[in-house]
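Readers should treat all values here as calculations from the given coordinates under stated rules, not as data from a laboratory. On a predicted model such as this, the values are computed, not experimentally measured, just so you know. Because the Cβ atoms are built from the backbone with ideal geometry, glycine has one as well, and the counts that use them run over all protein chains shown.
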Amino acid sequence: MKRNFTATRNPCKLCAPLGAAVVYQGVEGCLPILHGSQGCSTYIRRYFINHFREPVDIASSNFSESTAIFGGQSNLIQALENVLNQYEPQMIGLATTCLSETIGDNVSLILNEFRKKYAGKELPEIIYTSTPSYSGTHMDGFHAAVLSFIQHFAQEGPRLDQMLVLSNFISPEDIRYLKQVLADFGIDGFIFPDYSDTFDGETWESYRRIPEGGTTRRQLQSLGQCRHCIEFGASLDGTVSGAAYLEKSFGVERHGLNLPIGINLTDRFFEVLSVIAGRDIPSKYLKQRGRLIDGYADAHKYVFGKKAAVFGEEDFVIALTHFLFEIGVVPALCATGSSTGTLRREIEKLSNDYGHPVIVREGADFEDVASDVELIAPDFLLGNSKGYALSRKMKVPLIRVGFPIHDRIGGQRILHLGYQGTQSLFDNLVNTLIAHEQEQSCVGYTFM
Amino acid sequence: MTRVLPQRKDQVQCKGSGASPMACERHSVAGSVSQRACVFCGSRVVLYPVVDALHLIHGPIGCAAYTWDIRGALSSGPDLHRMSFSTDLREKDVIYGGEKKLETALLELIEEYHPRAAFVYTTCIVGIIGDDVDAVCKRVGERVGIPVFAVHSEGFKGTKKDGYRAACDVLAKLVGTGDTRGISPFSINILGDFNIAGETWMITEYYRRMGISVVSTITGDARVDDIRRSHGAALNVVQCSGSMMYLARRMEQDYGIPFTRVSYFGMEDTSQALFAVARFFNDSEILARTSDLVEKETARVMEEINQYRRHLNGKKAAIYVGGAFKAFSLIKALRMLGMKTVVVGSQTGNAEDYERLRAMCDEGTVILDDSNPLELASFSQQKNADLFIGGVKERPMAYKLGMAFCDHNHSRKYALAGYQGMLNFAKEVYSSVMSPVWKFSPRAGKRGAQ
């Protein structure tokens with residue numbers, strides 16, 4: 001009998017300020033500041049750096065004991081001044097932490113004081129998101145920061161033939177792919193947040209204070225004028241999301257979609273694009289789709305009936321589960337660290353459609369996942385690199401996707417989305433299973 | 001030009017210009033992007049390698065998530081330290097207090113994992129919401145019959161160094177509670193080595209060959225029961241003085257155990273360390289065995305090191321590390337490879353450390369306290385460094401600029417201590433500095449012109 005622990009053991013989630021920092025990193029000329037202890041910034045930087053392998057500068061208001069007693073005003077103002085002095089950012093993304101939230105700092109008031117102090121001077125835009133680490137997960141921080149930007153920048157104006165993609169927490173490679181897709185459809189559109197360069201850039205001749213790239217100010221200013229907004233993530237349906245806000249306040253047409261992984265979900269994405277663009281799906285993508293189906297056929301036997309354990313952010317897990325079902329894998333366990341009810345709702349729907357029982361764990365940690373994995377004995381694990389301890393212990397291969405990937409090179413360049421991303425995911429999955437079997441076999445087969 | 005914040009001007013020096021002492025041991029400047037973490041980090045890294053203790057982080061999830069399996073501190077037995085436990089405080093805990101949750105969490109975990117002790121790390125908000133963590137620990141400790149201690153490591157209550165001290169406070173509570181019978185008069189404790197990539201094992205093996213027994217290793221591959229009887233040792237040998245001097249002083253005061261400060265990075269320092277310990281025991285056999293060991297070990301690695309030296313001679317290095325003591329050793333080790341240190345800094349050095357650094361360095365060397373990415377990148381570029389030695393956060397900065405890099409951090413996989421460690425170090429520096437990939441770097445053509 002599995003027992004429940006009060007403590008979280010080996011967490012399968014991160015804290016909200018990290019998610020906000022991802023968004024800030026995806027805006028051109030933006031420097032993040034976390035309002036809290038020095039450790040929050042440094043730990044989050046370290047966590048990013050180990051995945052993206054890029055310099056990531058995140059400032060801190062660096063609380064001391066007196067700050068905690070008298071409030072964070074003077075520290076935050078000093079942090080803002082020093083960031084302006086050192087980095088000359090075009091924008092500052094500010095997020096709170098558990099500490100500044102618990103002592104009850106009124107950040108908006110402090111920002112007003114700051115603006116008053118520098119009245120008459122040109123200041124960068126300061127976008128502020130409340131991200132108390134004791135509520136939700138990093139994904140709540142991410143979506144809250146997206147909404148802050150939208151609320152800050154969106155304004156009325158003539159409708160533009162322009163599309164916004166709120167792309168959820170995906171890889172830099174995924175963002176580059178989406179941009180290419182929009183371009184190939186002839187759609188004038190942009191991705192927010194766009195950290196495809198800032199989190200995966202070129203080498204430099206001299207150090208850059210803020211890496212190049214990101215969603216531009218001009219793009220952000222046109223948010224309210226976009227005709228369409230595609231928003232990825234089943235968890236955002238029916239919530240006060242960025243796209244819902246734009247639809248309600250500015251009449252931007254919202255298209256809520258799952259992350260396009262697998263043929264079914266990618267088809268839906270391309271259908272929407274095709275309707276919006278008023279043109280057929282470019283043949284390049286039809287060919288990609290065709291090759292993917294051909295690939296499915298070539299390798300279907302190696303995956304059919306195999307059992308998988310999937311873990312990670314809920315929207316990502318949902319999309320991956322769609323993909324697994326469509327290739328004949330049984331996603332026997334689907335787990336996430338958050339507890340919004342979305343994962344259960346979506347996976348149970350799928351489980352009914354396909355007629356396979358699935359264990360769904362919300363609010364899970366890796367030890368919960370471990371005890372389920374012991375029970376169901378999956379053929380592979382699918383998720384981020386934090387599953388490696390479990391993979392090693394259970395001698396079950398881990399297919400690394402999502403964030404973080406701390407024990408391999410190239411996590412930032414994994415393509416998950418579209419027919420092409422699915423193709424590489426599928427090939428990787430099949431080859432991992434074949435390699436595993438090959439290594440276990442007493443015969444050294446050199447053919448499949 | 002390097003832009004240094006006005007509040008930081010006296011934390012940046014260039015040897016040869018001005019002689020005012022380095023301003024240091026300060027709270028980091030808000031908005032500076034310090035490379036330091038927080039008080040909690042200091043405590044967490046010091047206690048982390050105690051492998052048979054339960055480490056429970058009392059706070060919201062981030063602090064536990066970001067420090068899960070954070071150090072390459074190896075264990076020869078249990079690996080409970082590699083798990084990340086958190087009370088995962090939520091909104092309602094912040095409002096109503098987290099004591100009950102903590103107590104239940106502790107009792108369940110102790111029942112499940114049978115640790116020899118439990119450490120409860122307090123994080124930022126625990127101090128604010130007013131949980132009486134000491135009382136909970138005391139209650140649980142009495143109930144389950146193992147030491148259960150609060151580590152007072154609220155992130156904002158000082159710097160990483162205060163975290164070291166909070167960790168030492170807890171260790172000091174363990175010391176003196178075990179049975180010291182049967183401990184040899186020729187015995188030591190190894191303080192301040194964390195068994196990264198098995199370094200504590202290498203060092204322990206040197207002492208074994210010298211005829212000296214090791215009572216406890218604090219905290220590399222440490223066992224709670226060994227720490228409890230560590231007051232039976234004749235000498236404390238302290239490395240990484242930043243984190244462990246406080247414990248060494250406490251043990252001297254409470255148990256009359258003398259200490260000696262050493263470093264095991266570089267052959268010169270390793271030999272010095274081993275001889276210092278041998279001389280302490282003033283035993284001719286130990287001294288003879290030590291000389292023999294130093295001679296053999298040196299001979300074993302010297303030839304290969306010299307091969308690397310031939311290629312590295314004249315190259316320039318920048319160093320940024322946590323404790324200044326490590327920087328001293330690195331400067332010497334680099335010299336052994338014919339390399340010159342052009343930038344050196346530390347997160348937690350004190351005035352005495354910086355004085356010593358200044359004495360060691362060549363004219364023109366930039367010396368930094370509690371630096372940040374912009375300063376580090378700018379100075380190492382300005383000084384034309386070929387190599388950067390630092391931790392995870394400095395690595396991509398070096399690579400972006402086409403600079404070689406040597407990992408001297410908690411998660412490295414190759415031992416850098418002792419004689420073998422010097423060889424590994426030379427090899428790592430060589431494999432990065434000599435890599436042909438740098439010629440593709442945009443900075444490659446511009447080097448020397450700066």
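Data overview
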| quantity | calculated |
| --- | --- |
| The listed residue being farther than 28 Å from A:Pro55 by Cβ and of a type in the set (Lys, Arg), out of A:Lys386, A:Lys395 | A:Lys395 |
| Residue that is surrounded by the fewest Cβ atoms within 10 Å (Cβ to Cβ) [pool: residues in segment A:366-385 that are in contact with a His (Cβ under 9 Å, 6 or more places away or on another chain) and among the polar types (S, T, N, Q)] | A:Ser385 |
| Helices (runs of 4 or more DSSP H) completely within segment B:299-403 that count 3 or more residues being farther than 25 Å from B:Lys9 by Cα, more than 14 Å from chain A (Cβ to nearest Cβ) and in contact (Cβ under 8 Å) with a residue 12 or more places away in the chain | B:324-336 |
| Residue list for segment A:326-346, restricted to those being under 19 Å from A:Ile399 (Cβ atoms) and hydrophobic (A, V, I, L, M, F, W, C) | A:Ile327, A:Val329, A:Val330, A:Ala332, A:Leu333, A:Cys334, A:Ala335 |
| Hits in segment B:407-423 (condition: assigned to a helix (DSSP H, G or I) and either in contact with a strand residue (DSSP E or B) (Cβ under 9 Å, 6 or more places away or on another chain) or buried (at least 19 other Cβ atoms within 10 Å of the Cβ) (or both)) | B:Gly418, B:Tyr419, B:Gly421, B:Met422, B:Leu423 |
| Residue selected from segment A:386-410 under the condition under 16 Å from A:Phe169 (Cα atoms) and touching a strand residue (DSSP E or B) at 6+ places or on another chain (Cβ under 7 Å), by the criterion nearest to the other protein chains (Cβ to nearest Cβ) | A:Gly402 |
| Scope segment B:154-170; condition under 16 Å from the mean Cα position of the chain (by Cα) and of a type outside the set (Ser, Thr, Tyr); matching residues | B:Lys160, B:Lys161, B:Asp162, B:Gly163, B:Arg165, B:Ala166, B:Ala167, B:Cys168 |
| Residue list for segment A:168-206, filter: of a type in the set (Val, Ile, Thr), within 14 Å of another protein chain (Cβ to nearest Cβ) and within 22 Å of A:Glu313 (Cβ to Cβ) | A:Thr198 |
| Test for B:Ile70: is it within 9 Å of chain A (Cβ to nearest Cβ), closer than 21 Å to B:Cys168 by Cα and not small (Gly, Ala, Ser) | yes |
| Enumerated helices (runs of 4 or more DSSP H) restricted to segment A:357-448, each holding at least 1 residues that are touching a residue at least 60 places away in the same chain (Cβ under 8 Å) and under 18 Å from the mean Cα position of the chain (by Cα) | A:418-440 |
| Spans of helices (runs of 4 or more DSSP H) in segment A:223-335 with at least 1 residues farther than 20 Å from A:Ser424 by Cβ and aromatic (Phe, Trp, Tyr) | A:242-250 |
| Counted residues, segment B:33-43 - those being part of a helix (DSSP H, G or I) and facing chain A (nearest Cβ under 10 Å) | 4 |
| Residues of segment A:318-328 classified as buried (at least 19 other Cβ atoms within 10 Å of the Cβ) and either out of contact with any strand residue (DSSP E or B) (no Cβ under 6 Å at 6 or more places or on another chain) or free of Cβ contacts under 8 Å to residues at least 40 places away in the same chain (or both), total | 7 |
| Selection from segment A:386-411 of residues that are surrounded by 21 or more Cβ atoms within 10 Å (Cβ to Cβ) and touching a His at 6+ places or on another chain (Cβ under 9 Å) | A:Lys386, A:Val401, A:Gly402, A:Phe403, A:Ile405, A:Gly411 |
| Among residues of segment A:50-108, those that are aromatic (Phe, Trp, Tyr) and in contact with a Lys or Arg (Cβ under 6 Å, 6 or more places away or on another chain), counted | 1 |
| Among the residues listed as B:Asp79, B:Asp88, the single one being within 12 Å of another protein chain (Cβ to nearest Cβ), of a type outside the set (Val, Ile, Thr) and farther than 24 Å from A:Ser60 by Cα | B:Asp79 |
| Evaluation of B:Asn350 against (1) of a type outside the set (D, E, K, R); (2) touching an Asp or Glu at 6+ places or on another chain (Cβ under 9 Å); (3) under 19 Å from B:Met403 (Cβ atoms); (4) surrounded by fewer than 22 Cβ atoms within 10 Å (Cβ to Cβ) (one fails), failing number | (3) |
